[in-house]
Amino acid sequence: MEKTDLKLEAFLRQEAKQRKISRSEWEVMALITQGYDIPEIAEHIQIQASAVRQRLSQVYDKFEIEGRGPVKLAKLQKLLMSRYQEYQTVLPDTTSNTNIFKNDWGEAPKLSGFHGRQQQLTLLKNQILQQQCRLLAIQGMGGIGKTSLIVKLGQILQNQSYCLFWRSLKNTPSLSDLLTELLEFLNHEIDIPESTEGKISLLIKQLNSSPCLIILDDAEQILQSGSSGKYIPGYDDYGLFFEVVGESQHQSCLVVISQEKIREISLSAQLSSQVHQFFLEGLNAEEVEELLQEQGLKGTANNWQELVHYYGGNPLALKLLSLMIMDIFQGEIGGFLKYGTIVLTEGFKEILDPQFDRLSDTQKQILFCLSEADKPLSLKDLQEKLSNFLSLSKILEPLESLLGRSLVEKIQHQPGNEVLFSLQPLIQKYIKQQQLSGL
């Protein structure tokens, strides 16, 4: 097939995915957009004209094209080019590409604004470009900005000779289906094996031929609720996939975004300098000021520091809060803070609810215990307060999991001092509300 325009190819792949168009149907559809008629398509891909018509018949059905013969073909061409014009008009910045490498941003959100995180971006870019990181886990609580950070990183790396492939695991695609999509994206001409193991082996070969940034968002959705890194039934092969990508030699990087720790990546990070875990924390006061001044908020340096303390520097929580501060306090942060209350907006509660629902009963007991305390607790304190319910051995792993989810904070003022555990004020407010609603 002749080389198609990269944006047109990205558009056609998107249409094919949405309408479940097969690879053979896609091949015919792509030639249609280049102005080929049926005899020319048949000659170009060396099949019978009747076979072309049969493939087109399936494409017509999937696009709900009615009519007969040449009329249907003309309608399809017109529809595709019309939709392509719309696609170009609304094409987000994340899909623009000035190099020769193709990108498929999948379900990646459009980045409407980006503030701060320059230190983190520099670190991640260095890990991938200089240290040849092969596998990278990005962890943090909901709303903290994991996805936005990686969208920005992807925009940078797509101009550094990297192709890019983004998929969300929110709807729990099987690994086999995901690998098929990825392999077709990397090389539309290759024969793809039936077995998942064969697809993984072929993928490693492809990743070694040219650099690619593969991003899997919402990875916590393939993990069991309440467990420490166990996969939902039928999804254990993702663990094998992560292991192989981390251990194999190649020129690419797989980035996995998750609210929870991925067991295989955590283990690989301890064994290999080319596998990394990155825990994303909240914005600092300067970054929050830059973010919220755009919303019209104003305050003193102490106001910004206090706001960061109460809300953990969580960008989404602060953006949602800023709307209320603008409406009721005319954007004056000091006017809001003088009431000494922490507001848990409904929008942010909707972010925390799914994360809380995924916790085990033991994890919830630990959070309830910490929320009731008027000061940070040591491990010994926790054990004493929970001794009627849990032994120490049953506290440690759930506590570690809560730390990995950024729901619990660890405090150690100096090396050698006792480690203390606490909740951010906003999380403490949420946990108390959950505890009351459960009574």
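Please count how many residues of segment 42-98 are surrounded by 12 or more Cβ atoms within 10 Å (Cβ to Cβ), at pLDDT 85 or above and among the polar types (S, T, N, Q). Residues in segment 42-98 being surrounded by 12 or more Cβ atoms within 10 Å (Cβ to Cβ), at pLDDT 85 or above and among the polar types (S, T, N, Q): 3 in total. Quickly run through segment 295-322 and pick out the residues that are polar (S, T, N, Q) and either surrounded by fewer than 19 Cβ atoms within 10 Å (Cβ to Cβ) or closer than 22 Å to Ile351 by Cβ (or both). The answer is Gln295, Thr300, Asn302, Gln305, Asn314, Ser322.
Here Ser252 clears all of (1) closer than 14 Å to Leu135 by Cβ; (2) touching a Phe, Trp or Tyr at 6+ places or on another chain (Cβ under 7 Å) except the condition numbered (2).
Results for (1) touching a helix residue (DSSP H, G or I) at 6+ places or on another chain (Cβ under 6 Å); (2) at pLDDT 90 or above; (3) not aliphatic (A, V, I, L, M), shown as yes or no for each residue.
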site	(1), (2), (3)
Asn103	no, no, yes
Pro109	no, yes, yes
Thr147	no, yes, yes
Ser161	no, no, yes
Ser176	yes, yes, yes
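Being surrounded by 19 or more Cβ atoms within 10 Å (Cβ to Cβ) and more than 26 Å from Thr300 (Cβ to Cβ): is that true of Leu382 here? Answer is yes for this residue. Taking residues in segment 349-374 that are basic (Lys, Arg), and partners anywhere that are surrounded by fewer than 19 Cβ atoms within 10 Å (Cβ to Cβ), the pairs with Cβ atoms closer than 7 Å and at least 6 places apart or on different chains are Arg358/Ser225; Arg358/Gly226. Which of the residues spanning segment 411-439 are under 27 Å from the mean Cα position of the chain (by Cα) and in a loop (DSSP other than H, G, I, E, B)? Listed by number, the residues that qualify are Leu423, Gln424. The criterion of being in contact with a Leu (Cβ under 8 Å, 6 or more places away or on another chain), in contact (Cβ under 8 Å) with a residue 24 or more places away in the chain and not hydroxyl-bearing (Ser, Thr, Tyr) holds for Gly299.
Look through Leu399, Leu382, Leu392 and report the one residue that is in the same structural domain as Leu359 (by TED's automatic domain parsing), in contact with a Cys (Cβ under 8 Å, 6 or more places away or on another chain) and without any contact (Cβ under 8 Å) to a residue 40 or more places away in the chain.
Step by step, each of Leu399, Leu382, Leu392 is checked, and only Leu382 is in the same structural domain as Leu359 (by TED's automatic domain parsing), in contact with a Cys (Cβ under 8 Å, 6 or more places away or on another chain) and without any contact (Cβ under 8 Å) to a residue 40 or more places away in the chain.
Of a type outside the set (Ser, Thr, Tyr), touching a helix residue (DSSP H, G or I) at 6+ places or on another chain (Cβ under 9 Å) and not in a helix (DSSP H, G or I): does that describe Ile156? It is false that Ile156 is of a type outside the set (Ser, Thr, Tyr), touching a helix residue (DSSP H, G or I) at 6+ places or on another chain (Cβ under 9 Å) and not in a helix (DSSP H, G or I). Given the criteria within 18 Å of the chain's Cα centre (by Cα) and free of Cβ contacts under 8 Å to residues at least 60 places away in the same chain, does Gly239 qualify? So Gly239 passes the test. In segment 198-221, the residues that are assigned by TED's automatic domain parsing to the domain that holds Ala137 reach residues that are part of a strand (DSSP E or B) and of a type in the set (Gly, Ala, Ser) with C-beta atoms within less than 7 angstrom, at least six apart or across chains, in these pairs: Asp217/Ser168; Asp218/Ser168; Ala219/Ser258; Glu220/Ser258.
The values are calculated or read from the model by the stated rules, or taken from the named source; none is laboratory data. Nothing here was measured: the structure is a model prediction, and the numbers come from that model. In this analysis, Cβ positions are derived from the backbone assuming ideal geometry, glycine residues included, and neighbour counts consider all displayed protein chains.
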